[in-house]
Amino acid sequence: MTTPATASSLFASLTGHDPEGLWSAPGRVNLIGEHTDYNDGFVLPFAIPQRTVAAVGRRDDDRIRVVSTFADEPVEVALDGLDDLFPTPAGEEPRVPEWAAYPLGVAWALRGTGVVGSGLDIAIASDVPVGAGLSSSAAIEGATASALNDLWAAGLDRTALARIGRKAENDAVGAPTGIMDQMASMLGEPDAAIFLDCRSLDAVPVPVGILEAGLAVLVIDTRVAHAHSTGGYRERRASCELGARMLGAESLRDVSVDDLDRARDLLDDVTFRRVRHVVTENQRVLDTVRTLREQGARAIGDLLVASHASMRDDFEISVPELDTAVDAAIGAGAIGARMTGGGFGGAAIALIERDEEGAVTEAVRAAFASSGFTPPVVFTVIPSAGAHRDS
Ligand code: GLA
């Protein structure tokens, strides 16, 4: 069954009738610009074909009920009761099952902006792999936010809906992320990456021309699951904030590559390396955008490789499986490769000649097998459309 059909039939078995509509939003990969979003910096993600679908209908009471293929049981609360559930205190688990905190968090965040609406039934199905660093969570938020925006006649634009999604992620789920994933999921476009300034939230589509150039982007899902509500992600964010404070900057966006010598004198070694990753990564995003425009995708390989090295050595968010994926892909002739997303597991991407897909995939599988790792899931993606109403 297709994902929209699954969402529809889940809705029908919950309610006994058809949904009023279907809304969907995609996952994303990030071409380059990692851990720069919450530092007010630059990112260059693109939406992928895998999507989450929300089948939604209004109720004639004030209850909200969510059901998903992720779980056996629906979760139901009164709309007024959302304020008792959220915000989730920092470092604690949500008071509802985590999957339900995403859609319920979106409803809570929207109501927090003064939007008023009736109760709802929401059924969610997805083909975005979960835990793979491909933003399955932003896809749930984007699909739900788009549905509620229409059914509650909120009239918000895509950027405002991305902010709603981030609020759900930060304050309902309790993951201290930036806004890249929600913006990519809301604003994705076929054939383009989204060059996003995370300070102004200006978003410019940058054509990547992957298909015309005979290239492909391979996703290598290491199957090492990650979570951003805990541990390393939070620590990295704290190090960046400390570094900015010690350098007298509002955020690391305001620190340039030329400031790094001074930073080395002022900061302890670990904080310095965290700062150096973010500062050089911002520059690499700018360089990638320029290179894409002037020379095309085949010329960005070295920037991708440098980004991975910076995350592995300075930001220390890679894992052996990600390094193996990147090294094996490059060894088999990939133009460039890097881990994508928050790190500590998840996926790597490799930019390859399309006719080398088989060879690169085989090389990655062989490298995983000889290291004794769980076999990776490998597939190609193309830049795809952002959130929309499907029917
Ligand atoms: C996760 C977060 C994003 C971003 C990336 C790292 O995907 O959700 O906000 O910080 O990690 O670039």
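Using Cα springs under 10 Å in a Gaussian network model of the chain, which residue among Ala154, Ala168, Ala109 shows the largest mean-square fluctuation?
Among Ala154, Ala168, Ala109, the largest mean-square fluctuation in the Gaussian network model of the chain belongs to Ala154.
So if each residue of separation counts as 0.36 nm, and I subtract the Cα-Cα distance between Asp202 and Ser9, what length gain in nm does that give? Intermediate results must be reported in sequence, preceding the final value.
On the way: separation 193, 0.36 × 193 = 69.48 nm, distance 3.82 nm.
Answer, rounded to one decimal: 65.7 nm.
Given charges of +1 on the Cβ of Lys and Arg and -1 on the Cβ of Asp and Glu, with all other atoms neutral, how large is the dipole of the range 3-205 about its Cα centre, in debye to the nearest 20?
Working: 13 positive and 29 negative charges, 48 e Å.
For this selection, approximately 220 debye.
Of Val217, Pro207, Leu267, whose Cα points farthest to the positive end of the dipole of the range 177-271 (charges on the beta-carbon: +1 Lys, Arg; -1 Asp, Glu; origin at the Cα centre)?
Leu267
Find which of Ala184, Ala125, Leu322 sits farthest along the positive direction of the dipole of the chain, computed with +1 on the beta-carbon of Lys and Arg, -1 on that of Asp and Glu, about the Cα centre.
Ala184
On a 0 to 90° scale, report how tilted helix 3-15 is relative to the longest principal axis of the chain, with both axes built from alpha carbons and the result rounded to the nearest 10.
30
What is the dipole size for the chain, taken about its Cα centre, with +1 at each Lys and Arg Cβ and -1 at each Asp and Glu Cβ, in debye to the nearest 20?
Details: 33 positive and 57 negative charges, 40 e Å.
Charge dipole, the chain, about its Cα centre: 200 debye, nearest 20.
Compute the relative contact order of the range 260-391 as a whole-number percentage, counting only Cα pairs closer than 8 Å that sit 6 or more residues apart in sequence.
Working: 136 pairs, mean separation 22.9, N = 132.
Computed over the range 260-391, the figure is 17 percent.
So what are the radius of gyration and Dmax for the Cα set of the range 3-205, in Å?
Rg then Dmax for the range 3-205, in Å: 15.8, 47.
I'd like the carbon and sulfur percentage of the solvent accessible area for the chain, probe radius 1.4 Å, heavy atoms only, ligands and nucleic acids excluded.
The nonpolar share, carbon plus sulfur, comes to 49 percent.
Provide the convex hull volume over Cα atoms per residue for the chain, in Å³.
On the way: hull volume 52.9 nm³, N = 391.
Cα convex hull per residue, to the nearest whole number: 135 Å³.
Over the chain, what is the relative contact order in whole percent, taking alpha-carbon pairs under 8 Å and six or more residues apart?
On the way: 908 pairs, mean separation 91.5, N = 391.
Once divided by the residue count of the chain, the mean separation gives 23 percent.
Going by Cα centres, the range 269-341 and the range 177-213 are how many Å apart?
Here the answer is 18 Å between Cα centres.
Among His35, Gly91, Asn170, which residue has its Cα positioned farthest towards the positive end of the charge dipole of the chain, with +1 placed on the Cβ of Lys and Arg, -1 on the Cβ of Asp and Glu, and the dipole taken about the Cα centre?
His35
Accessible area of Met339, 1.4 Å probe, to the nearest 10 Å²?
Probe radius 1.4 Å; accessible area of Met339 about 0 Å².
Just by accessible area at a 1.4 angstrom probe, what is the order of Glu316, Glu212, Glu362 from largest to smallest? Walk me through the numbers on the way to the answer.
On the way: Glu316 75, Glu212 145, Glu362 105 Å².
Per-residue accessible area, sorted high to low, gives Glu212, Glu362, Glu316.
Using a probe radius of 1.4 Å on heavy atoms only, what accessible surface per residue do you get for the range 3-205? Whole Å² is fine.
Each residue of the range 3-205 exposes 32 Å² on average to a 1.4 Å probe.
Based on DSSP H runs of at least 4 residues, each adding -39500 (n - 2.57), what is the mean residue ellipticity at 222 nm of the chain after dividing by all its residues, to the nearest 500 deg cm²/dmol?
Working: 12 runs with 155 residues, N = 391.
One gets -12500 deg cm²/dmol as the mean residue ellipticity at 222 nm.
Please give the helix 269-295 orientation as an angle from the longest Cα principal axis of the chain, in degrees from 0 to 90, rounded to the nearest 10.
90
Relative to the first principal axis of the alpha-carbon coordinates of the chain, what is the inclination of helix 232-246, with its axis defined by its Cα atoms, in degrees from 0 to 90 and to the nearest 10?
That helix lies at roughly 60 degrees to the long axis.
Checking the a/c ratio against 1.5 first, then a/b against b/c, what shape does the Cα gyration tensor give for the range 107-251?
Rounded, because the longest to shortest axis ratio a/c is under 1.5.
So for Phe11, Phe195, what's the accessible-area order with a 1.4 Å probe, most first?
Working: Phe11 0, Phe195 35 Å².
From most accessible down to least: Phe195, Phe11.
The values are calculated or read from the model by the stated rules, or taken from the named source; none is laboratory data. Predicted model, so just to flag it, every value in this text is computed and none were measured. With ideal geometry, Cβ positions are generated from the backbone for all residues, glycine too; neighbour counts draw on all protein chains shown. Ligands, DNA and RNA are excluded from the accessible area calculation, which covers all protein heavy atoms including side chains. Shrake-Rupley method; radii C 1.70, N 1.55, O 1.52, S 1.80 Å.
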